[in-house]
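Worksheet: one structure, shown below.
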Amino acid sequence: MYQAKQIGDRLRALRCAGRYSRKDIAARIGLTAKYYADIERGTCGMSVDTLLALANVYGVSLDYLVRGKENALSDEQVEWAVHCLCGLGEERREIAYDMLKVLEKR
């Protein structure tokens, strides 16, 4: 679920940690300072493009901005998992996929 207030809190913390002003960040991604302030307050949503731009500016993942945590798997781990799953038959692949979905919700 999209939680504008929590995302705004994370954005504010990142901005303050980097000692940026709202005006600085807004200018870097093509927004007005007021609109960016509304995003930080959680009183408005934003487009996926804006979310991606903010993740890029702050050097964090979308997982962190949206969910508050980083993806636990490295690219190498994901590549290894895909390789292993491709070697399974269809029925076992579906079971493995279902298990991964359960773990993802934790």
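Would you confirm whether any residue within the stretch 36-50 is modelled with pLDDT of 95 or more, within 13 Å of ILE7 (Cα to Cα), among the aromatic types (Phe, Trp, Tyr) and in the same structural domain as LEU11 (by TED's automatic domain parsing)?
Looking for residues that are modelled with pLDDT of 95 or more, within 13 Å of ILE7 (Cα to Cα), among the aromatic types (Phe, Trp, Tyr) and in the same structural domain as LEU11 (by TED's automatic domain parsing), one finds at least one in the stretch 36-50, hence yes.
Among what's in the stretch 84-94 and is surrounded by 10 or more Cβ atoms within 10 Å (Cβ to Cβ) and part of a helix (DSSP H, G or I), pick the residue that is modelled with the lowest pLDDT.
Only one residue tops the list, namely LEU85.
Looking only at the stretch 42-72, which residues are touching a residue at least 24 places away in the same chain (Cβ under 8 Å), in contact with a helix residue (DSSP H, G or I) (Cβ under 6 Å, 6 or more places away or on another chain) and assigned to a helix (DSSP H, G or I)?
If the condition is that a residue be touching a residue at least 24 places away in the same chain (Cβ under 8 Å), in contact with a helix residue (DSSP H, G or I) (Cβ under 6 Å, 6 or more places away or on another chain) and assigned to a helix (DSSP H, G or I), then ALA53, VAL57, TYR58, LEU65 are the ones that fit.
Of ARG19, ARG28, which residue is modelled with pLDDT under 95 and over 29 Å from LEU100 (Cα atoms)?
Just a single option satisfies the conditions, and that option is ARG19.
Can you name every residue in the stretch 11-36 that is part of a helix (DSSP H, G or I), over 23 Å from LYS69 (Cβ atoms) and of a type in the set (Lys, Arg)?
Passing the criteria: ARG22, LYS23, ARG28, LYS34.
Restricting to the stretch 18-70, name every residue that is of a type in the set (S, T, N, Q) and surrounded by 14 or more Cβ atoms within 10 Å (Cβ to Cβ).
Hit for the stretch 18-70 is THR50, nothing else.
The values are calculated or read from the model by the stated rules, or taken from the named source; none is laboratory data. Values in this document were obtained by computation on a predicted structure and should not be read as measured data. Glycine gets a Cβ as well: all are built from the backbone with ideal geometry, and neighbour counts include every protein chain shown.
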